[in-house]
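To start, the structure under review is shown below, and the notes come after it.
Every number in this text was worked out from the coordinates using simple rules, so none of it is lab data. Computed from a predicted model, the values in this text were never measured in an experiment. Here the Cβ positions follow ideal geometry from the backbone for every residue, glycine too, while neighbour counts run over all protein chains shown.
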Amino acid sequence: MPDGGVLPAPTRLSDELTRWLHGGDTTLGGLVALFGPKSFAVTFVVLMAVPALPLPTGGATHVFEILVALGAVQLIAGRDEIWIPARWRGVNVGGKDGNSRFIRAMLWVIRTLERVSRPRMSRLFGRRLSTAAFGLLVLCGTVGAFLAPPFTGLDTLPSLGVVVLALGVLLEDAAIVLVGVAVGAAGIALEIFLAATLIHAAGQLL
């Protein structure tokens, strides 16, 4: 124990990610190797941060969404550490200098949640059933983002929901988890509403 009997403050996720971004290996493989058991949730945050930006992606982030969906299925199946296909482990997701727009936005969201979060219902986290439920919710949000029409920006809310949900799990804060679920559900509901509206309008014209 340090002098004075004061325990060191726990390392924050934002600090760990900052060190990873400036540590040299900013690939997906490096991310998984560094975070180990937490690599599922951390990978979900990093990969879904791009489509969570309020910008139309035109389907350019589908590879990230497929990787997240693959990880979610692994969570549901009970794996302890995320498996990523070898061809994608070398993908650089941290940018050239770790200072890209999406990285800055991601770290801002993480630091904001770290300031307001505290352990809530932490006993629920890390259990087999809750982990499988986490994977199922991530899968639903990711599929919602994947199915959003290109150049509409409708993938933003489902993606943001996955990011906030994963951060809630990392912070062991059930309130943040519920916020993430609500944001993702709102995004999917908006997609369904707009699709139904377009189908109805098309039917009126025929």
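A few comments on the model shown:
- Backbone HN-Hα couplings from phi across the stretch 140-147 [Karplus 6.51/-1.76/1.60, Hz, Gly and Pro as x]: 4, x, 5, 5, x, 5, 5, 7
- Relative contact order of the chain, pairs being alpha-carbon contacts under 8 Å that are 6 or more residues apart, as %: 25
- Nearest-0.05 FRET efficiency for residue 152 and residue 114, computed from C-beta distance (R0 35 Å): 0.65
- Ordered by the number of other Cβ atoms lying within 10 Å of each residue's own Cβ, fewest first, 107, 165 fall into the sequence 107, 165.
- Note that the chain, at 4 °C in a medium of 1.567 mPa s, gets a Stokes-Einstein diffusion coefficient of 73 µm²/s from its Kirkwood radius over C-alpha pairs.
- Helix axis angle, 39-52 relative to the chain longest principal axis, alpha carbon, degrees: 40
- When each of 122, 117, 159 is scored by the number of other beta-carbon atoms lying within 10 Å, the sequence from fewest to most is 122, 117, 159.
- Interchain or long-range residues, amide H under 5 Å from residue 173's placed H: 120
- Seen through its C-alpha gyration tensor, with square-root eigenvalues sorted a ≥ b ≥ c, the stretch 61-177 comes out rounded because a/c lies under 1.5.
- Note on residue 62 and residue 92: the extension gain reaches 9.2 nm, defined as 0.36 nm multiplied by sequence separation minus the Cα-Cα distance.
- In this label model, residue 130 and residue 104 are separated by 3.6 nm, measuring between points 7 Å along each Cα→Cβ vector.
- Each of 121, 48, 106 was scored by other Cβ atoms within 10 Å of its Cβ. Listed from fewest to most, they are 121, 106, 48.
- Relative to the dominant Cα principal axis of the chain, helix 62-77 is inclined by about 70°.
- Working from label points 7 Å from Cα in the Cα-to-Cβ sense, the residue 194 to residue 81 distance is 4.0 nm.
- Burial ranking of peptide ranges 30-36, 76-82 (average Cβ count within 10 Å, highest at the top): 30-36, 76-82
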